[in-house]
Amino acid sequence: MTDTELYRIAKDMTLMSYAPFSKFRVGAALECKDGTIFTGCNVENSSFGATICAERTAFVKAISEGHRDFAKIMITSSGGEAWPCGICRQFMKEFCDDDFIIMTAADEDHIRSYKLPELLPEGFRLNEDLEQF
Ligand code: THU
């Protein structure tokens, strides 16, 4: 899938966002290495700490459906570009290799992209040398 197509899917997902507190609607489109796409939006909660970001929504949907090999993610929001928060970067580190691409865009003509280690240098992973459970 092209990055523009991925952007449009992420943008559509901002409409599914539940963000009554921040009013900041975030959408994500996660592409697996086999081409499968999983979407996500942020889901807020009255107990603010229980809020789930759009990126983690997409990852949890994918992992719970048996997908573990991820190629790239596109993130966008009602406010333009949205880079993943620290928790989401760490969440990605658990499942993604150093070639995983993180993209964001305010519109489809201004897509910016980084590899995961650029956004999370020296990221922590406990099970690096262990067998996957
Ligand atoms: N949020 C995301 O969903 N992803 C990001 O990359 C940054 C922040 C959400 C969490 C919260 O619902 C709202 O944006 C404001 O922080």
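For the reader, a short list of remarks on this structure follows.
- Hits in the stretch 107-133 - residues which are at pLDDT 95 or above and of a type in the set (A, V, I, L, M): ILE111, LEU116, LEU119, LEU120
- Scanning the stretch 31-55 for residues that are surrounded by 14 or more Cβ atoms within 10 Å (Cβ to Cβ), outside any strand (DSSP E or B) and either in contact (Cβ under 8 Å) with a residue 40 or more places away in the chain or within 12 Å of the ligand (Cβ to nearest atom) (or both) gives ASN42, GLU44, THR51, CYS53, ALA54, GLU55.
- The residue list ALA82, ALA62 contains one member that is open to solvent by less than 20 Å² (accessible area, probe 1.4 Å) and in contact (Cβ under 8 Å) with a residue 40 or more places away in the chain, which is ALA82.
- Flag for SER22 being at pLDDT 95 or above, near the ligand (Cβ under 9 Å from one of its atoms) and within 21 Å of LEU6 (Cβ to Cβ): no
- Options ALA28, ALA58, ALA62, ALA82; residue that is within 11 Å of the ligand (Cβ to nearest atom) and assigned to a helix (DSSP H, G or I): ALA58
The values are calculated or read from the model by the stated rules, or taken from the named source; none is laboratory data. It should be emphasised that the depicted structure is a prediction, and the values quoted were computed from it without experimental measurement. Using ideal geometry, Cβ is built from the backbone for each residue, glycine included, and neighbour counts are taken over all protein chains shown. SASA here: full protein model, heavy atoms, side chains in, ligands and nucleic acids out. Shrake-Rupley method; radii C 1.70, N 1.55, O 1.52, S 1.80 Å.
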